[in-house]
1. Using a 7 Å offset from the Cα along the Cα-to-Cβ direction at both D173 and A111, what is the distance between the two label points in nm, to one decimal?
2. Rank G185, G199, S166 by how far each Cα sits towards the positive end of the charge dipole of region 148-215 (+1 on Lys, Arg Cβ; -1 on Asp, Glu Cβ) and give me just the farthest.
3. FRET efficiency for Q401 and E470, Cβ-Cβ distance as r, R0 = 22 Å, nearest 0.05?
4. At what distance in angstrom do the alpha carbon centres of region 246-278 and region 119-135 lie from each other?
5. With charges set only on the Cβ (+1 for Lys and Arg, -1 for Asp and Glu), what does the dipole of region 131-183 come to about its Cα centre, in debye to the nearest 20?
6. So how far, in whole Å, is the C-alpha centre of region 158-203 from the one of region 51-77?
7. Sorted by accessible area with a 1.4 angstrom probe, largest first, how do R426, R356 fall?
8. Under a 5 Å amide H to amide H cut-off, with H placed in plane at 1.01 Å, what residues pair with L231 once short-range neighbours are removed?
Amino acid sequence: MRLIICDNYQEMSKAAAKLVSSQLTVKPDSVLGLATGSTPVGMYNILAEMCKNGDVDFSEAKSFNLDEYYPISSDNSQSYHYFMQENLFSKINIKPENTHILNGMCKDTDAECKSFEKMISESGGIDLQILGIGQNGHIGFNEPDANLNPNTHLTDLTENTISANSRFFDNIDEVPKQAITMGIGTILKAKKIVLLASGAEKHKVVKQLLEGKITTDIPASMLKVHSDTVLICDRAAYSSERIGVDIGGTDIKFGILNDKNELIHKESIPTIASDEQTLISQIANKCKELMQAYSINGIGVGTPGLIEKGRVTASNLPFKGTFLAKELERLTGISVRVANDANCAALGESTAGAGRNSRNIVMITIGTGIGGGIIINNKLYEGKGSAGEIGHIIVEKGGIQCPCGQRGCWERYSSASALVDMAKKRAEEHKDSVLYSLYKENGKMNGKIFFEAVNRNCPDAKTVLDEYIERLADGINSIANIFEPDMIILSGGITNAGDSLLTPLSKKVNVTVHIAQLKNDAGIIGAAMLQ
Ligand code: F6R
């Protein structure tokens, strides 16, 4: 089986359309085997366009469709008769009498199947057969079964197929339970076979097909005995390696996550934030470089700032309503998803860090401000785009002015900067304290110096810590009351204080609190997990 990997669905559709048109150029009266489902729709659209422009000619072609539900009438909008008319036949110059689809209303299915086989062989056999693949490996409606039927036959649909196809019906009960389909032998008699696979939901079966043995459990694996079969798939179906990008003010981190969610590569480059286009090109170029070295099926990006309806606005980057995902998709040709960086870090910790065994977590990033990320049932909760701005819940009416415009935001009292301000003030007021002497000795105040004073049992440092913990715990308890998460994860430089922070905090909160484990990798892992 030959393999062609395309960057995306459109490229896959183009490659398949090209094979069909070449077939018709070489042999204008070719017999085509056609499939329905969502996968070939892009290819049919391209063929219709080509036919309109005179680039392909179906006037002498014949077609035989793989299958049809049973029972179903041809005017039912879910029938494959209707599908083919809508998606292809009405848009190309094929003669209606040259198209053949099994009759979903026939009385005698045996006779219908025999006459279909006879018509195929009387036409000289199928020259080019187009196939899609089911998530369970079915081709046509040849479902996994110890005894695969070689000829066109009536078959029961599996639960898996009924549920996968229910997306086309109003409800699952309307999906017919049977179908008439070409058999594996009918398909294998085609001179050339093109199997199409698109989307991450096909990744598992494509991997099984390419790496596994020939088995009736995956009917598509029978195609491996055919001498001229080509599998054309997009990256999402072929690979589950994803790029995670974490954009920071000083550097941009890139990581590759494999299908076991392991970080198999990471690197970073200095951020060039001179203007929007330069920064976007910088990210796209590095991603393209990684796409050469790895089989990437998508890119996830974590960025500071707000994301609303796909537009990113970040104060410390040149993003002012930038359609970041769209732009990167245009430049790389593959799927890109963008989320707030604190949200990505939360997703990273919940995937591979402190929260890996929990389904529901809230991560609180304590730095200059307070950021957050909410994971519900292992999925990032994004609201309209940037949910989790928990640093801006108001804890003090009319309190300290916040750069966001409000007064009394939680981050004004419980961020690392707030702690440093409190420590400085206390030190200045108590010049005989250890806190003050460490402050003067170092010529500055920071979290490290403050916790050193705490560990040296400085009563003034302890007073500040008690007050700080009180405020931090209030906020954490409110969050826990809303979400009742399995755990709260704290991250940010202040968590280097370890037990000096965690022990007193744990006594004041009504939820399990852990310190983040992934440090700098959380953002890239979480970003990659967006895909
Ligand atoms: C359609 C057919 C099916 C589909 C398969 C994939 O005529 O025979 O085998 O090819 O179920 O369907 P999509 O493309 O919708 O994922």
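1. Once both label points are built, they end up 3.4 nm from each other.
2. G185
3. Efficiency at R0 = 22 Å is approximately 0.55.
4. 46 Å
5. On the way: 2 positive and 7 negative charges, 36 e Å.
Rounded to the nearest 20 debye, it is 180 debye.
6. Measuring centre to centre over Cα atoms gives 17 Å.
7. Values: R426 60, R356 125 Å².
Highest to lowest solvent-accessible surface, that is R356, R426.
8. Here R2, L3, I4, L195 satisfy the definition.
The values are calculated or read from the model by the stated rules, or taken from the named source; none is laboratory data. In this text, all values refer to a predicted model and were calculated from it rather than measured experimentally. For neighbour counting, all protein chains shown are included, and Cβ atoms are generated from backbone atoms with ideal geometry for every residue, glycine included. For accessibility, only protein heavy atoms count, side chains too; no ligands or nucleic acids. Shrake-Rupley method; radii C 1.70, N 1.55, O 1.52, S 1.80 Å.
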